[in-house]
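Single-structure report; data block below.
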Amino acid sequence: MREAIIGTTRRAALAGLAAAGAAGPASAAERCRGRADYAGAALHASPPPEVFAQAATPATGAFPAEPVQALDAAFADVAARLKTDTLTAALVRPGGGAWSSVKTAEAAAPDRFFWASAGKAFTAVVVLQLVAEGRLSLADRLDRWDRDFPNSGLITVDDLLRHTSGLYSFQEDPGLRAKPGWKTPAQALDVARRGPAGFCPGGSWAYSNTGYVLLGRIIEAVDGRPYAASITARIIEPLGLKRTVAIGPDGVPADIPRPASGDGSSDDLRTPFAAGAVAASAPDMIAFWQGLFGGRLIPIEVVRGQFERLYPMFGQTGLFYGRGVMLYDLPGQAAGESELWLGHSGGMPGLKAVVAYSLRRRAWVAVAFLGDGPAEAAANLLLRAAS
């Protein structure tokens with residue numbers, strides 16, 4: 001896609017993320033004597049504190065006719081470039097207009113899509129709510145709940161949020177990947193316990209879906225109810241997200257479009273669990289982030305803390321990770337120009353998604369589709385169309 005704001009190496013890195021995680025450092029750290037000091041590439045600076053209130057300002061209505069026409073044309077262009085007939089998108093300018101569109105092969109177009117790892121932000125919010133309530137601490141160690149993981153006495157809740165635990169990510173296991181159908185959290189964690197630790201806790205960064213499945217289990221233990229029920233009661237209902245559902249073990253709602261991998265098989269959307277369990281309309285995904293940035297879910301100082309200590313993802317890719325959130329530092333149109341986004345990407349074979357706020361364009365964008373290709377490039381086309 002020529003309009004991509006991401007270079008070849010960055011696109012490859014995002015593809016790795018969308019496939020649900022990249023491997024960490026090759027050196028194993030089966031048993032560590034203590035935590036390690038971070039020794040990776042430089043962290044990214046936090047975004048300006050004033051951006052959160054700015055981004056949380058609600059839209060005042062629909063866009064005028066001219067930008068709507070431009071966005072509709074860009075949406076059609078995105079669908080053609082991605083070669084997909086199943087696509088949804090929304091764009092919101094705080095204090096300005098709002099727009100959304102859906103394209104599917106169905107006669108009655110469903111507006112709820114699966115957002116894969118973008119759902120990690122929901123998990124992080126509930127964890128931080130429990131911390132704010134004094135029922136959990138970011139310094140709590142994993143061995144409080146599970147002593148069978150390597151280095152469980154050294155891994156903190158904060159490590160799980162930030163991907164600095166060194167835990168083996170269960171979806172890297174070839175045997176588990178080859179197993180058809182739903183992989184339960186218990187099955188995923190059993191595989192992960194047997195996997196090698198990548199590094200001593202705190203010493204590096206590596207994307208680990210295992211960490212977020214563990215966070216889901218911790219939420220269930222501390223909150224006293226199923227993970228999906230916690231997401232519903234603590235986020236979906238308070239924000240009035242009518243077109244959002246947390247997928248649980250009972251099954252996936254029939255209206256959610258299913259991705260198909262290259263061999264024609266279909267991934268079960270229940271498998272990611274707390275590593276990505278949200279299906280929602282594109283406008284609802286933006287409403288969640290606006291609610292978060294507006295301090296409606298956790299105190300705003302806690303939100304700002306999510307964007308502190310931003311670790312580089314997959315080496316130097318322009319992507320950085322905090323506590324269940326991502327910062328994108330990508331090249332702009334002009335030489336030397338930078339484009340900063342705040343949000344989260346997601347994906348799995350046959351499905352890609354992103355929801356983010358562009359600091360430069362002062363607009364939210366959310367895109368999800370069935371197919372393979374950079375959702376971030378599609379989002380950028382829509383942002384440019386609305387400018």
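The values are calculated or read from the model by the stated rules, or taken from the named source; none is laboratory data. Remember, it's a predicted structure, so these values are computed and weren't measured experimentally. FYI the Cβ positions are ideal-geometry reconstructions off the backbone, even for glycines, and counts take in every protein chain you see.
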Inset, instruction - Answer yes or no: is there a residue in region 263-272 that is under 30 Å from Asp140 (Cα atoms) and among the β-branched types (Val, Ile, Thr). - result: yes
Inset, instruction - Could you figure out which of (1) assigned to a loop (DSSP other than H, G, I, E, B); (2) buried (at least 17 other Cβ atoms within 10 Å of the Cβ); (3) modelled with pLDDT of 95 or more isn't true of Ala22? - result: (3)
Inset, instruction - With the checklist (1) of a type outside the set (Gly, Ala, Ser); (2) assigned to a helix (DSSP H, G or I); (3) farther than 26 Å from Asp284 by Cα; (4) at pLDDT 95 or above in hand, flag the one item Gln171 doesn't pass. - result: (4)
Inset, instruction - From the list Ala368, Ala386, Ala287, Ala334, pick out the single residue that is modelled with pLDDT of 95 or more and over 28 Å from Asp158 (Cβ atoms). - result: Ala368
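Kindly check whether there is at least one residue in region 379-386 that is of a type in the set (D, E, K, R) and surrounded by fewer than 24 Cβ atoms within 10 Å (Cβ to Cβ).
Keep residues of region 379-386 that are of a type in the set (D, E, K, R), which gives 384.
Add one more test, that the residue is surrounded by fewer than 24 Cβ atoms within 10 Å (Cβ to Cβ), and what stays is 384.
The answer is yes; a qualifying residue exists.
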Legend entry - Whichever residue in region 105-148 is under 30 Å from Ala260 (Cβ atoms) and of a type in the set (S, T, N, Q) and, among such residues, is surrounded by the most Cβ atoms within 10 Å (Cβ to Cβ): Thr123
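Does region 264-305 hold any residues that are part of a loop (DSSP other than H, G, I, E, B) and charged (D, E, K, R), and which are they?
Asp267, Asp268, Arg270, Arg296
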Legend entry - One residue from Ala233, Ala246 being at pLDDT 95 or above, over 18 Å from Lys352 (Cβ atoms) and over 17 Å from the mean Cα position of the chain (by Cα): Ala233
Legend entry - From Gly166, Gly134, residue being closer than 19 Å to Phe199 by Cβ and part of a loop (DSSP other than H, G, I, E, B): Gly166
Inset, instruction - Looking only at region 90-102, decide whether some residue is within 30 Å of Arg304 (Cβ to Cβ), within 20 Å of the chain's Cα centre (by Cα) and outside any strand (DSSP E or B). - result: no
